[in-house]
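Since the structure comes first, as structure tokens, the remarks are kept for the end.
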Amino acid sequence: MREKLERVYRMGIWLEDPYTNEGRERFERALDFMRKAVKHPFIENILKLRKIRILELCGGAGIGGIALGKALSEKGVDVDLLITDLRASALEIAKRWSMDVLGKEARVKVLDAREAYKLNERFDIILIYGLSIAHFSPWDFILVLCSVNDIVDDKGIFIIDQIDIRHSILMRLGYKEFVVERVDEDRAIISIHAGYDIIKGTAKRLYINLINKERVLMDVCYWGLAELASLVWLFFKEVDFIRMLGDRYFILAKGPRRKFTMKELKNSIPREVDLSL
């Protein structure tokens with residue numbers, strides 16, 4: 001998974017480097033979102049803390065976490081930010097960008113979000129920004145939720161940034177076997193439908209850069225907002241929504257239920273049994 005993510009992001013389909021014009025625009029949009037989000041009562045309730053511990057999962061170059069840190073620092077809050085991702089190259093950018101924006105270097109760690117419980121820390125805010133949930137099957141996302149539930153503070157909150165893919169893409173445009181993802185002077189990237197895994201609930205897309213012939217086969221989960229939030233509700237007592245832009249929402253959750261353990265889930269992962277003769 002780590003190698004595939006490095007390769008597909010290296011193609012440049014989604015430009016995340018804030019030192020580029022497009023990446024800087026993404027950061028400015030994230031900062032607008034975060035300034036709006038910190039007005040929500042869930043977050044306002046923890047602004048009285050002298051220091052807020054933030055964990056960003058699937059953070060990449062840290063656009064979301066650093067924007068949240070900036071919005072909180074504008075409220076006079078000291079921020080301790082840890083950015084995690086499977087891609088070490090993106091985390092190096094995050095360290096530099098946090099220094100430029102926040103005046104201090106964020107902590108970074110190469111980490112699978114499903115194994116965040118291994119951090120052995122507690123956090124006041126745990127964030128997944130940048131529509132990263134598409135990388136997780138429903139089964140994988142349950143493991144992410146269990147991990148988050150284990151390390152979020154009793155009074156802490158969990159934030160997910162997500163669009164309703166089923167509505168914004170599948171119902172409006174229809175599922176496309178062939179998509180032109182990005183074309184510019186340096187790349188001509190297409191994606192092609194390559195199958196569907198019924199058990200995992202994920203489609204397979206083959207991403208191809210027609211310039212250098214690089215190709216990566218990735219699993220993609222086309223989440224609707226409702227089923228995503230309903231799974232979060234199983235792990236948290238309260239769930240709210242903030243509409244950011246069009247079909248893009250922040251899901252905010254607080255009150256970890258702590259009803260499941262990672263050991264329990266990992267020991268009972270469902271499997272397909274072949275009983276054919």
query = Given 0.36 nm per residue, what is the gain on full extension from Lys237 to Lys39 after removing their alpha carbon distance, in nm?
reply = 69.3 nm
message = Can you tell me how the stretch 168-219 classifies by the Cα gyration tensor, rounded, prolate or oblate, using a/c under 1.5 as the rounded cut?
response = oblate
Ratio of Rg to Rh over the chain (Cα coordinates, Kirkwood Rh, two decimals) = 0.96
inquiry  = Report for the chain the percent antiparallel among DSSP-assigned beta bridges with both residues inside it, nearest 5.
reply    = 65
ask   = Quick one: Cα centre-to-centre distance for the stretch 191-263 and the stretch 101-179, in angstrom?
value = 8
Cα gyration tensor, the stretch 4-100 - rounded (a/c under 1.5), prolate or oblate = prolate
query = So what's the back-of-envelope 222 nm ellipticity for the chain, counting only DSSP H runs of four-plus at -39500 (n - 2.57) apiece and dividing by all residues, rounded to 500?
reply = -9500 deg cm²/dmol
message = For the chain, set up a GNM with springs between Cα atoms under 10 Å and report which of Phe235, Phe250, Phe260 has the largest fluctuation.
response = Phe260
task = Would you please name the trypsin sites (Lys or Arg not before Pro) within the stretch 196-228 that are DSSP coil residues with at most 16 other C-beta atoms within 10 Å of their C-beta?
result = Lys200, Lys213
key: Violating pairs (Cα-Cα greater than 26 angstrom) within the set Lys36/Lys109; Lys237/Lys263; Lys4/Lys237; Lys95/Lys254   = Lys36/Lys109; Lys4/Lys237; Lys95/Lys254
ask   = Ranked by Cβ crowding within 10 angstrom, fewest neighbours first, how are Leu170, Leu252 ordered?
value = Leu170, Leu252
query = Once the piece of chain linking Asp197 and Arg122 is laid out straight, how much longer is it, given 0.36 nm per residue of separation minus the C-alpha distance between them?
reply = 23.5 nm
task = Taking only Cα atoms and a 10 Å spring cutoff, compute GNM fluctuations for the chain and point out the largest among Ala253, Ala226, Ala203.
result = Ala226
query = Could you give the dipole magnitude of the stretch 171-277 about its Cα centre, charging the beta-carbon of Lys and Arg +1 and that of Asp and Glu -1, in debye to the nearest 20?
reply = 480
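A short reminder: the numbers here are calculations on the coordinates, not readings from a lab. Keep in mind that what you see is a predicted model, and the values were worked out from it rather than measured. Positions of Cβ are generated from backbone atoms using ideal geometry, with glycine treated the same way; all protein chains shown enter the neighbour counts.
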